[in-house]
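Bear in mind that the values in this text are calculations on the coordinates, not laboratory data. What you are looking at is a predicted structure, and each value in this text was computed from that prediction instead of being measured. Cβ: placed from backbone, ideal geometry, glycine included. Neighbour counts: every protein chain shown.
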Amino acid sequence: MKKEERKQIEKNKKNFSIKSMYFNRYLFVRYVVALFFFINIYWLISLLMSSSILFFIPSILILCLLSSVAEQVKMISKHTNRAIYTKYCFVILLTTNVLLAFLSFFSPIFSQLYPFLVNQVKSQMLILSILAIGILLSSIILYRLHQIQYNEDKHYQRIKKYEEVIHV
């Protein structure tokens, strides 16, 4: 192998490494998207099996999550700090979780929303706990997306230090 070819291969490795580091800034976001996706799939299945008319709620959330997944896939080839669809997706998830928490206690549709549970205080507390975790995760992700958008995340600082080292 010629010296020029080795230099080009080494340069490609470094560029790929940097590209991967930028993509990995969204790693936690992708894990939370996957978590919400599968939770909503299971919820949709249970609503369809019980013939609940509220199956559209998890269906809409799944579509929002899929738009976020599509945006994340695009980021593999083209890095951006602005994950617009992902941000809107988590705003919708946050709003939905807050509304569901409210409806779980102050509405008679608990049985329609969660047909796999008995309408008791214990069940309502379980759902409220799960929704609180969803609210917390959505808030954390929105904060994380804000940090990434304005390059305030720790990962960005590591990337910049790495770029300085490999370009010396």
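Helix 121-149 axis versus longest C-alpha principal axis of the chain: approximately 20°, rounded to the nearest ten. A crude spin-label estimate for the pair Asn12 and Gln112, with each label 7 Å from Cα along the Cβ direction, gives 5.8 nm. Computed extension length for Glu4-Tyr88: 25.6 nm, one decimal, from 0.36 nm per residue of separation with the Cα-Cα distance subtracted.
Per-residue extension of 0.36 nm, minus the Cα-Cα distance of Leu35 and Ile60, leaves a gain of 7.4 nm for this segment.
The long axis of helix 154-166 is offset from the longest Cα principal axis of the chain by roughly 20 degrees.
With helices as the sole contributors, the chain gives -27500 deg cm²/dmol at 222 nm; each DSSP H run of n ≥ 4 counts as -39500 (n - 2.57), and the sum is divided by every residue.
In the elastic network of the chain, a GNM with C-alpha springs shorter than 10 Å, the most mobile of Tyr42, Tyr26, Tyr85 is Tyr42. What the Cβ-Cβ distance of Asn119 and Lys78 gives, at R0 = 41 Å and to the nearest 0.05, is a FRET efficiency of 0.25. Pairs from the list Lys122/Lys154; Lys3/Lys160; Lys7/Lys87 with a Cα-Cα gap above 31 Å: Lys122/Lys154; Lys7/Lys87.
For the residues Arg82, Arg158, Arg30, a GNM of the chain with alpha-carbon springs under 10 Å puts the largest fluctuation on Arg158.
The structure-derived value of semi-axes √(5λ) of the Cα gyration tensor in Å appears in the list (1) 22, 19, 18; (2) 43, 16, 11; (3) 22, 20, 14 under the label (2).
Under a GNM of the chain (C-alpha, springs under 10 Å), which listed residue has the highest mean-square fluctuation: Leu142, Leu66, Leu103? Looking only at Leu142, Leu66, Leu103, the biggest GNM fluctuation is shown by Leu103. With a Förster radius of 25 Å applied to the C-beta separation of Ser139 and Leu27, the computed FRET efficiency comes to 0.85.
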